[in-house]
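This report concerns only the one structure given below.
Computed from the coordinates by the stated procedures, all read-outs in this text should not be read as laboratory data. Being a predicted model, the structure only gives us computed values, none of them experimental. Cβ: placed from backbone, ideal geometry, glycine included. Neighbour counts: every protein chain shown.
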Amino acid sequence: MPTIAHLSALEILDSRGRPTVRATCELAGGAIGTVSVPSGASTGRAEAVELRDGDPARYGGLGCRRAVGHVAGPIHAALAGKSFADQAALDGALVILDGTPDKSRLGANALLAVSLAFARAVAAERGVPLYRSLANDAGREPEALPRPTINLFSGGKHAGGQMPIQDVLIVPTAPTVDECLATAYAVYQAAAAGTAERYGARALVADEGGLAPPFPDAAAMLDEAVAAIDAAGFAPGRDAVLAVDVAASHFSVDGRYALDPAGGSLTGEEMVETLLGWLDRYPIASIEDGLAEDDWATWPTLRRRAEGRALILGDDLLATNPARIRRAVEIGAADALLLKPNQIGTLTEAAVARALAVAAGWRTVVSARSGETEDDWLADLAVGWGGDGLKVGSITRSERLAKWNRLLAIEAETGWPVVGWPEPR
Ligand code: 2PG
Ligand code: MG
């Protein structure tokens with residue numbers, strides 16, 4: 001049984017230069033795990049609380065010294081010297097120690113960093129790669145790799161709000177990660193050239209490494225993505241399809257959606273019609289947050305009407321939160337879960353979220369955050385937990401490439417194929 005010998009933490013900076021938490025867990029046998037946790041920008045209201053210092057004179061209030069202090073202080077004091085039968089036992093102790101429903105006392109950033117550092121130390125103690133150790137804890141025998149979904153164009157909170165919608169991603173359909181990434185690179189380069197020509201946009205990148213030209217509207221963004229696949233020599237809909245993160249919570253006001261950058265707004269029903277119109281015109285395999293996180297009444301309509309055409313993927317709606325997932329399953333609000341462990345705060349609660357989604361017959365897409373670090377644990381998690389998709393941003397910037405590179409290494413080590421999603425049409 002792993003025994004925690006020592007816990008420590010450090011305030012480090014993420015890909016936006018904002019503070020975040022890195023924690024180290026040392027087990028009694030000498031195995032060590034160190035993990036850095038990410039941070040979102042387009043956060044859902046139901047997410048667990050990332051504890052920030054709030055001192056405006058330091059990092060605009062975003063410092064993480066309190067969260068770091070909680071790891072070295074109360075969490076270390078309560079857990080050091082204790083043995084834990086498994087990850088669930090450790091995470092249960094963390095949740096009790098925090099004592100709040102939203103992790104606001106000790107901070108979800110502090111708790112997740114400890115939870116994952118323990119997982120990494122346990123993998124080291126077992127002498128197996130992290131993905132194997134995580135699969136073992138989930139009672140799985142992994143045999144496939146998640147399909148890369150790669151950010152091409154950014155908007156919304158990741159690109160200074162030049163466009164209401166947040167992401168257009170490409171989903172190559174090749175059978176290997178290696179080929180998928182090579183396809184993504186070619187499409188990205190074609191997109192950079194195409195948008196330079198049509199929008200005079202230099203290839204400067206947004207928070208997740210995607211391009212962010214001044215598109216007049218979402219349809220232009222989608223047109224350009226299809227044109228880039230074509231210009232790179234691939235067949236849109238066959239060699240690569242699209243995924244969209246509409247992130248609609250962030251442009252919805254009082255139940256209406258300000259989708260058009262030129263003005264005007266849509267009702268939920270009109271928003272559904274618009275999204276279905278995109279499915280008619282573009283090869284879209286998945287729509288994430290097509291509606292707002294509190295628009296529970298409209299989500300089932302979208303799910304029903306998109307059935308068999310595109311996944312209806314919940315991010316802000318579900319917040320990797322078991323209670324919200326149960327509600328969504330009950331009313332048929334979605335058929336895929338975007339899984340972000342830092343939305344809920346411990347690995348075990350994220351595993352419960354995943355299990356609920358899988359039991360409902362949903363797909364799962366494991367996702368990074370827009371504020372990331374050079375850590376690569378997310379790729380191991382996606383493989384170990386059998387994610388259908390992996391979403392870590394674009395094919396530029398090292399905090400993104402750390403995850404793609406880790407996936408390439410796992411592919412080289414295992415030779416496993418990429419999962420069979422999306423289904424051929
Ligand atoms: C999302 C994520 C990642 P953020 O909305 O899916 O793209 O963004 O981390 O800012 O919430
Ligand atoms: Mg999202």
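Would segment 58-121 count as rounded, prolate or oblate if I go by the C-alpha gyration tensor, calling it rounded below 1.5 in a/c and otherwise prolate when a/b exceeds b/c, oblate otherwise?
Prolate, because a/c is 1.5 or more and a/b exceeds b/c.
Cβ neighbours within 10 Å, averaged per peptide: list 205-213, 181-189, 82-90 in order, most packed at the top.
Peptide ranking by packing, descending: 205-213, 181-189, 82-90.
Which of the peptides 343-349, 131-137 is most tightly packed, and how do the rest follow, going by the mean number of other Cβ atoms within 10 Å of each residue?
Taking the mean over residues of other Cβ atoms within 10 Å, the ranking is 343-349, 131-137.
Under 5 Å between amide hydrogens, which residues at least 5 positions from residue 241 or on another chain qualify, with H placed 1.01 Å from N in the peptide plane?
When sequence neighbours closer than 5 places are left aside, the close amide H contacts are 171, 173.
Sketch the reach of a paramagnetic label on residue 141 as a point 7 Å from Cα along Cα-to-Cβ, and name the residues of segment 394-416 whose backbone nitrogen lies under 20 Å away.
Inside the label zone: 411, 413-416.
How much net charge surrounds residue 34 when only other residues with a Cβ under 11 Å from its Cβ are counted (Lys, Arg +1; Asp, Glu -1)?
0
What whole number of Å gives the distance from the Cα centroid of segment 155-211 to the Cα centroid of segment 348-425?
Between the Cα centres of segment 348-425 and segment 155-211 lies a distance of 19 Å.
For the chain, what does the relative contact order come out to in percent, with C-alpha contacts under 8 Å and a separation of six or more?
Relative contact order, the chain: 20 percent.
Checking understanding here: applying a Kyte-Doolittle mean of at least -1.0 and a length along the axis of at least 15 Å (C-alpha), which whole DSSP H helices in the chain pass?
Qualifying helices: 87-98, 108-126, 177-199, 218-231, 268-281, 347-359, 398-414.
For a distance above 36 Å, tell me the whole-number percent of Cα pairs in the chain that qualify.
Here the long-distance tail beyond 36 Å is 22 percent of all Cα pairs in the chain.
Show me 226-234, 411-419 ranked by packing, highest mean number of other Cβ atoms within 10 Å first.
The most tightly packed comes first, giving 226-234, 411-419.
Do the sum for the chain: with -39,500 (n - 2.57) for every DSSP H run of n ≥ 4, divided by all residues, what is the mean residue ellipticity at 222 nm, to the nearest 500 deg cm²/dmol?
Calculated from helices alone, the mean residue ellipticity at 222 nm is -11500 deg cm²/dmol.
Bins of 5 Å, beginning at zero and ending with the bin holding the largest distance: percent of Cα pairs per bin for segment 327-425, please.
Computed distribution, short to long bins: 3, 12, 22, 23, 20, 14, 5, 2, 0.
What whole-number value in cubic angstrom gives the convex hull volume per residue for the C-alpha atoms of segment 199-302?
That works out to 114 Å³ per residue.
Can you figure out the FRET efficiency of residue 55 with residue 280, using R₀ = 41 Å and their beta-carbon distance, to the nearest 0.05?
E(calc), rounded to 0.05, equals 0.20.
What is the sum of charges, Lys and Arg at +1 and Asp and Glu at -1, for the other residues whose Cβ falls under 15 Å from the Cβ of residue 196?
0
Could you work out the Kirkwood radius for segment 1-108, taking every pair of different alpha carbons, averaging 1/r and inverting it, reported in Å?
14.7
When only Cα pairs under 8 Å and 6 or more residues apart are kept, what is the percent relative contact order across segment 328-425?
Averaging sequence separation for qualifying contacts and normalising by length gives 22 percent for segment 328-425.
Tell me the relative contact order for segment 1-130 as a rounded percent, counting alpha carbon contacts under 8 Å between residues six or more apart.
Relative contact order of segment 1-130: 35 percent.
So who's got an amide H within less than 5 Å of the one on residue 6, skipping anything under 5 residues away but keeping other chains? H placed 1.01 Å off N, in plane.
26
Rg and Dmax of segment 272-324, using alpha carbons, in Å: what are they?
11.1, 35
Normalise the Cα radius of gyration of segment 110-220 by 2.2 N^0.38 Å (N = residues in it) and let me know the number.
1.44
Lysine pairs in the chain with Cα distance under 21 Å, only those 8 or more apart or on different chains: how many are there?
6
Hey, if you drop one equal point scatterer on each alpha-carbon of segment 76-164 and run the Debye formula without solvent, what base-10 log of I(q)/I(0) do you get at q = 0.12, 0.13, 0.21 Å⁻¹?
Treating every Cα as an identical point scatterer, log10 I(q)/I(0) equals -0.59, -0.66, -1.00.
Among DSSP beta bridges whose residues both lie in the chain, state the antiparallel percentage, nearest 5.
Of those bridges, close to 60 percent are antiparallel.
Residue by residue through segment 11-17, what is 3J(HN,Hα) from phi via Karplus (6.51 cos²θ - 1.76 cosθ + 1.60, θ = phi - 60°)? Round to whole Hz and write x for glycine and proline.
3J(HN,Hα) across segment 11-17, in whole Hz: 7, 10, 10, 8, 5, 9, x.
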